[in-house]
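Inspection log for the structure reproduced underneath, given as C-alpha cells.
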Amino acid sequence: MKDKWVNIREVSLLRNLSRKKIIRIIKIINNMKAKQMLTVWLPRVLTIVYISFFVLLSLDVFNSTATALEKMGGFLMHNIPTILLIVSLAYAWKKTRTGGIIFVILGIAFSLFYGTYERLDTFVLISLPLLLVGTLFLLNKDEHN
C-alpha cells in the first residue's frame, strides 16, 4: 500500500505548480482523508462504543443478592454477545468486507433474538448500530482481501 503522506520530493514538485492547482490538490487530499475517516475509523470506533454499552448493561448482575459465583456466572452469560462482538471486530479490523457482512448478519440476528423489530427505540439502540457498522465496513475500499 502506498504511503499517503506527502514527502519532501513531492513538496518540491508542488513549488512549480500554480496557487490554484495547489489549493485544488489540497481539497482533493482533504476529501480523501474525510472519506477514509468515515469508512475506516468510524465503524471501528462505533463498534468499540457499542461494545462498551453492552458491557455497561451487563454490570447490573452485581446488584443482585446472589453469591459471588452466581454473579460471575451471570456476568459471563450477559457478556456472551459482547465476546461475539469483540471477536467480530477483531476479524473485521483486518478483513473489512467479510467483517461488514458479519456485522450485518449480527444486526439481523440481534433483531430477531432480542425482538427489537417490535419497537423502534430498542431497534435503534440494539440493532441499527450493527447494521450501520456493517454497512460502513462494506463501503471501505482500502482493503486487500
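Before moving on, here are some points about what is shown:
- Listed by Cβ neighbour count within 10 Å, with the fewest neighbours leading, Thr39, Thr135 appear as Thr135, Thr39.
- Relative packing of 93-106, 43-56, 115-128, which averages over residues the other C-beta atoms within 10 Å, highest first: 93-106, 43-56, 115-128
Values quoted throughout were computed directly from the atomic coordinates according to the rules given, and no laboratory measurement underlies them. Keep in mind that what you see is a predicted model, and the values were worked out from it rather than measured. Neighbour counts are summed over all protein chains in view; Cβ atoms, including those assigned to glycine, are modelled from backbone coordinates with ideal geometry.
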